[in-house]
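What follows is one structure encoded as structure tokens, with my remarks underneath.
The values are calculated or read from the model by the stated rules, or taken from the named source; none is laboratory data. Worth saying up front: this structure is predicted, and the values here are computed from it rather than measured. Don't worry about glycine lacking a Cβ; one is built from the backbone with ideal geometry, like all the others, and counts go over all protein chains shown.
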Amino acid sequence: MKDKYNLTREQNIFLAKRNIVDYIWKSANLEGIAVTYPETQSLYDGGIVSGLTVNEVIAINNLKYAWNFILETEEIEADYKTLCEIHKLTTEKLVPQPGFLRTTPVNIGGTTWKPEFPFESQIKEELESILKQEEKSKTEIAIECMLYIMRRQMFIDGNKRVAMLFANKIMIDNGCGILSIAKEKQSFFLEKLIQFYETGKIQDLKEWIYQTSIDGIEL
């Protein structure tokens with residue numbers, strides 16, 4: 001699974017900034033926040049939008065802050081500490097103890113499967129084992145990290161948002177483009193994600209994401 005794009009970090013940041021409202025809109029909808037693109041644009045620009053709950057507005061603004069963190073932190077590695085910081089930024093004012101592993105069980109809609117309880121030492125070891133795969137491209141590692149975080153459900157809420165942001169830090173830092181699930185493909189993605197949760201078999205979903213969900217610039 002080769003990198004589809006070979007950009008500089010600056011070129012990748014340009015791509016991200018050019019489409020950042022679109023990425024925030026897609027990410028919010030993937031988590032079940034029924035915000036429209038114009039509403040997302042208005043909130044991103046600092047406007048007021050009626051018809052959304054306070055928490056939905058906070059969630060959109062938090063995604064903006066988390067994206068800014070990713071784009072402005074080249075010197076910070078993609079690791080466990082960074083993952084927790086992204087969760088903190090993404091879920092501030094929305095969950096208790098943002099940036100920390102959950103301390104209660106969670107249920108996942110659409111399946112009776114339940115994720116293991118997260119322990120910090122185990123999460124660090126599992127995440128590092130994915131990040132250190134020298135034989136794989138950074139794109140493949142980013143996709144695997146994203147799916148690992150989604151399935152591991154290590155945080156009380158916001159795991160899909162955080163997983164995609166963390167994966168995109170890897171993509172951007174290495175000039176590989178942007179991971180983004182198109183709005184019209186999200187239902188299908190969520191169906192395949194449930195299958196992945198239940199079976200732990202990653203290859204089919206990883207290949208689908210690689211083929212359908214990477215944005216880039218042809219130079």
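For region 23-75: of the residues being among the acidic types (Asp, Glu) and in contact with a helix residue (DSSP H, G or I) (Cβ under 7 Å, 6 or more places away or on another chain), which is nearest to Asp173 (Cα to Cα)?
Filtering region 23-75 for residues that are among the acidic types (Asp, Glu) and in contact with a helix residue (DSSP H, G or I) (Cβ under 7 Å, 6 or more places away or on another chain), the one nearest to Asp173 (Cα to Cα) comes out as Glu74.
With part of a helix (DSSP H, G or I) and among the aromatic types (Phe, Trp, Tyr) as the only criterion, which of Phe188, Phe155 stands out?
Among Phe188, Phe155, only Phe188 is part of a helix (DSSP H, G or I) and among the aromatic types (Phe, Trp, Tyr).
Can you give me the ranges of the helices (runs of 4 or more DSSP H) entirely in region 28-106 with at least 1 residues that are more than 14 Å from the chain's Cα centre (by Cα) and under 15 Å from Ile149 (Cβ atoms)?
Of the helices (runs of 4 or more DSSP H) lying wholly inside region 28-106, those with at least 1 residues that are more than 14 Å from the chain's Cα centre (by Cα) and under 15 Å from Ile149 (Cβ atoms) span 80-91.
Quick check on region 10-33. Is at least one of its residues at pLDDT below 95 and among the β-branched types (Val, Ile, Thr)?
So far as region 10-33 goes, yes, one or more of its residues are at pLDDT below 95 and among the β-branched types (Val, Ile, Thr).
What are the residues in region 1-13 that are in contact (Cβ under 8 Å) with a residue 12 or more places away in the chain and either crowded, with 20+ Cβ neighbours inside 10 Å or assigned to a helix (DSSP H, G or I) (or both), if any?
Residues satisfying the conditions are Tyr5, Leu7, Arg9, Gln11, Asn12, Ile13.
Return the residue satisfying two criteria in turn: it lies in region 191-219 and is in contact with a strand residue (DSSP E or B) (Cβ under 9 Å, 6 or more places away or on another chain) and either in contact (Cβ under 8 Å) with a residue 40 or more places away in the chain or assigned to a helix (DSSP H, G or I) (or both), and of such residues it is surrounded by the most Cβ atoms within 10 Å (Cβ to Cβ).
Restricting to residues being in contact with a strand residue (DSSP E or B) (Cβ under 9 Å, 6 or more places away or on another chain) and either in contact (Cβ under 8 Å) with a residue 40 or more places away in the chain or assigned to a helix (DSSP H, G or I) (or both), the top hit is Ile209.
Does region 123-131 contain at least one residue that is over 22 Å from Leu190 (Cα atoms) and either of a type in the set (S, T, N, Q) or not in a helix (DSSP H, G or I) (or both)?
Checked region 123-131: at least one residue is over 22 Å from Leu190 (Cα atoms) and either of a type in the set (S, T, N, Q) or not in a helix (DSSP H, G or I) (or both).
Considering every residue within region 184-205, establish whether at least one is at pLDDT 95 or above, touching a Ser or Thr at 6+ places or on another chain (Cβ under 7 Å) and within 19 Å of Val21 (Cβ to Cβ).
Yes, because at least one residue in region 184-205 is at pLDDT 95 or above, touching a Ser or Thr at 6+ places or on another chain (Cβ under 7 Å) and within 19 Å of Val21 (Cβ to Cβ).
Testing Gly47 on (1) surrounded by fewer than 16 Cβ atoms within 10 Å (Cβ to Cβ); (2) within 16 Å of Gly177 (Cα to Cα), one condition comes back false. Which one is that?
With respect to (1) surrounded by fewer than 16 Cβ atoms within 10 Å (Cβ to Cβ); (2) within 16 Å of Gly177 (Cα to Cα), Gly47 is out only on (2).
What single numbered condition from (1) in contact (Cβ under 8 Å) with a residue 40 or more places away in the chain; (2) surrounded by fewer than 14 Cβ atoms within 10 Å (Cβ to Cβ); (3) on the phi < 0 side of the Ramachandran plot fails to hold for Gly110?
(3)
Please identify the pairs in which a residue from region 71-82 that is free of Cβ contacts under 8 Å to residues at least 12 places away in the same chain has its Cβ atom under 6 Å from the Cβ atom of a residue that is part of a helix (DSSP H, G or I) and among the hydroxyl-bearing types (Ser, Thr, Tyr), counting only partners at least 6 apart or on another chain.
Ile76/Thr82
I need every pair where a residue in region 123-148 that is closer than 16 Å to Tyr210 by Cβ and in contact (Cβ under 8 Å) with a residue 60 or more places away in the chain has its Cβ under 7 Å from the Cβ of a residue that is part of a helix (DSSP H, G or I) and among the β-branched types (Val, Ile, Thr), sequence separation at least 6 or different chains.
Lys138/Ile170; Ile143/Ile209; Glu144/Ile130; Cys145/Ile130; Cys145/Ile170
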